[in-house]
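See below for the structure under consideration.
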């Protein structure tokens, strides 16, 4: 429902976050709850932005990248430009992950090679001890 509101505790429970994390997202400008006295009142828009922020984090995007993308959707600009920027951010992030994957695969190959050498050396040592 578009007019539904939420407390910070409700959002924290729903998304399995601490209230401190939600306040941090406010501090960086990802959320902008209204205030009723001292209580924060989050709108459906805030809830959707929180959901998208968490999705962006799972994708490995930086919070400033998530904010930039979310803010683009709040402006009345051209959707094609927004999607183009989003694809640019995703593409750059994918390239970074692929590079890290190459490094990890090389590291794993080295670990496997060292394990193989250690097993061979251990087998020789155990065989020599039995003589």
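Bear in mind that the values in this text are calculations on the coordinates, not laboratory data. This is a predicted model, so every value here is computed, not measured. Because the Cβ atoms are built from the backbone with ideal geometry, glycine has one as well, and the counts that use them run over all protein chains shown.
(1) in contact with a helix residue (DSSP H, G or I) (Cβ under 6 Å, 6 or more places away or on another chain); (2) in contact (Cβ under 8 Å) with a residue 40 or more places away in the chain; (3) in a helix (DSSP H, G or I): which one isn't true of residue 47, the others all being true?
Unmet condition: (1).
Restricting to region 14-32, name every residue that is assigned to a loop (DSSP other than H, G, I, E, B) and surrounded by 10 or more Cβ atoms within 10 Å (Cβ to Cβ).
17, 18, 28, 29, 30, 31, 32
Do the conditions hold for residue 11, that is, is it touching a helix residue (DSSP H, G or I) at 6+ places or on another chain (Cβ under 8 Å), surrounded by 14 or more Cβ atoms within 10 Å (Cβ to Cβ) and part of a helix (DSSP H, G or I)?
yes
Here is a list of conditions, (1) in contact (Cβ under 8 Å) with a residue 12 or more places away in the chain; (2) in a helix (DSSP H, G or I), and residue 42 meets all of them except one; can you say which number that is?
Looking at each condition in turn, residue 42 falls short on (2).
So which residues in region 33-60 are more than 27 Å from residue 93 (Cα to Cα) and exposed (fewer than 12 other Cβ atoms within 10 Å of the Cβ), if there are any at all?
34, 35, 36, 37, 38, 39, listed by residue number.
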